[in-house]
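What follows is a set of notes on a single structure, which appears directly below.
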Amino acid sequence: MSEQIIIFENHLNTLKTQTLNNIKNANNPEELDSIRISIFGKKGQLTEVLKKVGNLSAEDRPKFGKLTNVIKQDIKSCMDDKHQYFERKQLEASLNLKKEDITLPTYFKSLGNQHVISQVISDITDIFSRLGFCVKEGPEIENDFYNFEALNIPDDHPAKDMHDTFYLSDGYLLRTHTSPVQIRTMLKEKPPIRILAPGKVYRCDADTSHSPIFHQIEGLLVDQHVTFSELKGILTFFLKEFFGNDKKIRFRPSYFPFTEPSTEVDVEFHTKKGPQWLEILGAGMVNRNVFRSVNYDPSKFTGLAFGLGIERMAMIKYNIPDIRIFYENDCRFLNQF
Ligand code: FA5
């Protein structure tokens, strides 16, 4: 090996040791870049050494080439490692910055739930569907024929006063009960009939147990040989399913123009003043005049009908003393159901 090559080799090894040391001590990517320029740049130390290749003999040049290549590779791979090290550190720093505090309380987006009145309607229709009743609907804007006349309540009948009706123009009115759905169904279908009609009804009436808008469920069963004891049996079964076996119930004789005989049912209701009775439904055997108005033969068919007040059912079940709270939309009340 010529003396010149030995000098170059020593010089390159010193350069390599110094450079690797500098890379190791570099504190950031900028420092690393300035080391790169000081070695490989136009006037860099290695570039300057390479310029001297022309002074070498033809025999020494390949040896010199090999030597510089090895040193170049060593410096480059050391620089790459340091680059990766800086990248890793930067990533870690940014992850630490965005670190979530998993001990913070979670923000819950509140989910809506079914209104208690809708829940009670579902509970009631579920029980009656087990007895073969299917759900029907009718319009809330009715006319006199469906709401009164076909139900055996003629214009001059004093029972009309019981209904405190909201009248609209052109002979229309807001239905005062769900009984018009009986008429609409019987005019369309022939017996046997077993329907349940839930919906809103309207009356000019307001206090702690009366609301101007409230919900009823109408029930109608028409067939041959339907009896009053069947009506009592169905309603007793339903009330025990809905309130449980311990709730006290009583049947009272009553009067409705569209049923004969008629009854009302009261359920025990616990208030601050002690137990009281609250009327929850009217019922009876379908009046023969109602069958005549829908062209059913009263000598062939009998029927039972009932109309339940939904809010009253909910008041008793959940011990709610004032009907008006159902419509105040206070989430503290509604979220309990
Ligand atoms: C009727 O509406 C009859 N259509 C029920 C009926 C149907 C009888 C079929 C016979 C055969 P009544 O006006 O009593 O009946 O009302 C029935 C129920 O609705 C009452 O027992 C009560 O629970 C409820 N209710 C009546 N008025 C109000 C009101 N203003 N606010 C809340 N609930 C009421």
Legend entry - Per residue accessible area of the chain, 1.4 Å probe, in Å²: 58 Å²
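Is there a pair in Lys232/Lys273; Lys24/Lys52; Lys160/Lys317; Lys247/Lys272; Lys16/Lys89; Lys42/Lys72 whose C-alpha atoms are over 22 Å apart, and which pairs would that be?
Working: Lys232/Lys273 30 Å; Lys24/Lys52 28 Å; Lys160/Lys317 31 Å; Lys247/Lys272 18 Å; Lys16/Lys89 26 Å; Lys42/Lys72 15 Å.
Listed pairs above 22 Å: Lys232/Lys273; Lys24/Lys52; Lys160/Lys317; Lys16/Lys89.
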Legend entry - Estimated dipole of the stretch 116-334 in Debye, rounded to 20 [Cβ of Lys and Arg +1, of Asp and Glu -1, Cα centre]: 680 debye
Inset, instruction - Run the accessible area of the stretch 194-248 with a 1.4 Å probe and give the carbon-and-sulfur part as a rounded percent. - result: 50 percent
Inset, instruction - Name the residues whose placed amide hydrogens come within less than 5 Å of the amide hydrogen of His177, ignoring near sequence neighbours (fewer than 5 apart) on the same chain. - result: Tyr202
Legend entry - Span per principal axis, largest first, for the Cα atoms of the chain (Å): 136, 48, 42
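On the protein heavy atoms, probe 1.4 angstrom, tell me the percent of accessible surface of the stretch 22-138 carried by carbon and sulfur. Before the final figure, lay out each step's value.
Working: 4630 of 8670 Å².
That fraction is 53 percent.
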Legend entry - Two-decimal Rg/Rh across the stretch 108-226, once Rg and the Kirkwood Rh are taken from alpha-carbon atoms: 1.03
Inset, instruction - Enumerate the residues in the stretch 261-281 having an amide nitrogen under 15 Å from the point lying 7 Å beyond the Cα of Arg288 toward its Cβ. - result: 261
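Nearest 0.05, what FRET efficiency do Lys188 and Asp246 give at R0 = 45 Å with Cβ-Cβ as r?
Taking R0 as 45 Å, the efficiency between Lys188 and Asp246 is 0.65.
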Legend entry - Cα centroid separation, the stretch 214-291 to the stretch 8-86 (Å): 102 Å
Legend entry - Computed helical MRE - 222 nm, the chain, DSSP H runs ≥ 4 contributing -39500 (n - 2.57), nearest 500: -13500 deg cm²/dmol
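The values are calculated or read from the model by the stated rules, or taken from the named source; none is laboratory data. Predicted model only: the values in this text are computed from it and were never measured. Ideal geometry is used to build each Cβ from the backbone, glycine not excepted, and the neighbour counts take in all protein chains shown. The accessibility values were calculated without ligands, DNA or RNA, using every heavy atom of the protein model including side chains. Shrake-Rupley method; radii C 1.70, N 1.55, O 1.52, S 1.80 Å.
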